[in-house]
Each structure stands twice: as structure tokens, then as C-alpha cells.
Amino acid sequence: MPGSPDYIVQVQPLSFVGDQAMMTHDEYLATRRFPALDGVRAVAALLVVVFHYGGPTWTRTNGWIGVHLFFVLSGYLITTLALREEARNGRLSLTDFYIRRAFRILPVYYVVMGVVVVFAYFRGMGLRQSGIVATLPWNVVFLGEYHFMPLYGHSWTLGVEQKFYLVWPLLAFGLGALSFVKRLSLSVGLVAVMLALIPFVQYAGAYSPILIGCTLAIVLHHGKGFAALRVFTRPAVGLLVAATLVTVQIMFKEITAFLHDDGGSITGTGYVLLVALLVPSLVTGRGPLAWTLSLRPMRFVGERSYSLYLVQAVASMAVAGAIPRFATRGTLTAVAVAIVALLAADLLYRWVEVPMIDAGRRIIARRRAKKANPAAEPALATV
């Protein structure tokens, strides 16, 4: 699924701290890693796998909604990192931002796309007959949401996110440091526009969860905004929000029917707002929910969730080919697909994701060093 930013060092220890020890704004700004959000990404990825391969037993989980979890986190983390870089340096380097995004998103995306093409060829699917040849150019340029590629159709979310990555930093940071009110007005205004366009523009509704995540980041970064939402950093409040979130997820169809919400845009927006309100309790690293989501197995899956999301369809075909009974959707099929996809994702994470992220960091470090000492010339090689 959508790749998340690289958030680096954990400052606050994980603990079961009581409600009286709410996080301060300074502590929030000093925290550079949010392990519990890796756990949320793990849940989101597994929900999507269950939705695709779990069959009717898991219908009530509405696993498709896991995509919305990814979207909210992407908007929140991207904007939080940008705001903190701006606070440190006075501005966001758009060049560095795009280098980080390119090395984080593109390598695995194209590697898995290549795996899909090769796998389909050797499975005898027929690249032209299956539609892969026709849809490949669209997916190469991240327009897959308009032309679904066999075994890679779920990557439409990356098309949405890539457009967000291209446009949002230009609007929110490209014109220099905006005031809190102006930046908040921009994000809220864009959320309203996207929601209004849902009946008329395809995928407009996919951008509102990302922008709600951006709005959350803007609010929490500002002292008064953080104070307004500080009650949501309480572990007990986080548990209440999580319980409401799960209820909405399980009862999604019933709620949409009760509200006469054709298409589920109102219920879906309410769900996304609940996700946003859950985040403050998770970034503190305190309480049983944050502790559970920060456990090593959850972080392991969360760190590999992007590759897991991308490779799931190939994993399902491989599992079904090896064990025919897994060609039918069901609980065991979903478990088998999740395990095989996670094993493949681990290889992609170790061999592609991490090396490419490190390569992007080295390029940025060289750029910054050159800017810091522009007069320095490389030493001449001696014979």
C-alpha cells in the first residue's frame, strides 16, 4: 500500500501511563518516531487482504476501508515531516521532498509491476489478451485508477497518492511559510472541495481522507491547535474512539442505510474523522492500545505493509497454483495469502525498499553538503 514517510528515532518510551500524564506539545514536537502508527498500517494492510481473499465470512469487517487508514496516515505523516523541516530550516526543500518520495515509492512499485508482468507471462495469461499490455503504460505513469491492470488493480491507490505528493507540497509549502490560519484554511477548504466533488469527479472522495490527515498534522503542530485536541491524547479517550471506530466499521452498511447515505460518503467521512481523532492517542506511545500496536510483530508487518499491499495479488495466484483449494476465497485462503505476501514483502523491504531509501538519503546529504560548502571542489585524482 501507499508508502509512508521515514520517521526516525523514538524519543518517548512506551508505557501504560495514566490519563494524568498527557503528552505536552513540546514532547510531541520532540517525538520523531511513532511506532503505534506502524501497527495501524499493519492492521490496514491485513484488512485489505481479508477483504480481497477472506470471502463472505469476513464481509462484515468491511476490509476495503483499510485503504482509508493508509490515506489518513499518509497525509498526517507527510505534512508533519514537512512542517518540522520548515520549523528547523525556515522552509521545506521541495527538491529534497520529491527525492525522498521518489526513492521511497518508485523502486518497489516498479519492481512489483515487473514481477506481475513476468508472473503473468509464465502463467500463460497472455499479456495482450489479459489486458496487461494495454494498461501497462497507464500504470507506469500512476494513472492506474483509470485503467486497472490485471493482478495490479489495487495499485490505483498509488496513483491517488502520487498526485497528492506532487500537488500538496506546492500548495502548502511552495510559496514559503504560511501562517497557521492560512495553512489550516487551505487544508479544510480542499477537504470541503473534494467532498463536494464526490458526485461529479471520480476518485475525488479518495483525496479527502489524505487531506483530513494533513489537517490533523497542521492542527497538532500548532500550540493552540494541539491544546484543543490534547484531550484525545488520553489513552482512555483513545480507547473510546477506537471502540467507536470499530463499531462504525462493522456496522457500516447499517449506518449508511439508516442515514440514507447512498454511496457511503457521509459515513465514510465520519469514519475518517474518527481515524484522525485516534491518532493523537497513538503518537503518545502511552496506554494499552498504543502499546499493543507498537509490539514488534505489529511493527514488523507495518514496516512491510507497502510491499505486502502491492504483492498480494501475485501471492494469491501463487498460493492458488500451489494448492488448488486456496483458489476459493475463505479464511484459510486469506491467511495463506497474507503469509506468502508477507514473506515476499520482507524480501522486497530488505533488498529494495531500505537500500533505495538509504540511496535517497545519501543524495540529499550530498546536496546539503554541497550547499553548505559550495566553494569546495572535488580532489583531482592522482595517477
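The values are calculated or read from the model by the stated rules, or taken from the named source; none is laboratory data. As the structure is a prediction and not an experimental result, all values here were calculated from the model. Don't worry about glycine lacking a Cβ; one is built from the backbone with ideal geometry, like all the others, and counts go over all protein chains shown. Please note that ligands, DNA and RNA were not included when accessible areas were found on the heavy atoms of the full protein model with its side chains. Shrake-Rupley method; radii C 1.70, N 1.55, O 1.52, S 1.80 Å.
Using heavy atoms of the protein chains and a probe of 1.4 Å, the accessible area assigned to THR57 is about 110 Å².
Distance between the modelled labels on ALA243 and ASP358, one decimal in nanometres: 4.6 nm (7 Å Cα→Cβ projection). Taking every full run of DSSP H in the chain, the ones that stretch at least 30 Å from end to end by Cα along their long axis and average 1.0 or higher on the Kyte-Doolittle scale are 94-122.
Within the accessible area of the chain, what % is carbon and sulfur when the probe is 1.4 Å and the other protein chains stay in place? After summing per-atom areas, the C and S share lands at 69 percent. Taking a Cβ cut-off of under 12 Å around SER307, the surrounding Lys, Arg, Asp and Glu residues balance to a net charge of +1, with basic ones at +1 and acidic ones at -1. Charge dipole (Cα centre; +1 on Lys/Arg Cβ, -1 on Asp/Glu Cβ; no other charges) of region 34-183 amounts to roughly 120 debye. Other residues with beta-carbon under 11 Å from the beta-carbon of THR267 carry, at +1 per Lys or Arg and -1 per Asp or Glu, a net charge of -2. Projecting the Cα atoms of HIS260, LEU186, GLY66 onto the charge dipole of the chain (Cβ charges, centred on the Cα centre) puts LEU186 farthest toward the positive pole. Counted by Cβ distance under 15 Å from GLY63, the other residues give a net charge of +4, where Lys and Arg count +1 and Asp and Glu count -1.
If only the Cβ of Lys and Arg carry +1 and only the Cβ of Asp and Glu carry -1, the dipole of region 31-360 around its Cα centre is close to 600 debye.
If you sort the three axes of the alpha carbon gyration tensor as a ≥ b ≥ c, you get a/c of 1.5 or more for region 11-167 and a/b no higher than b/c, which makes it oblate.
Given a 1.4 Å probe, how much area per residue of the chain is accessible, in Å²?
46 Å²
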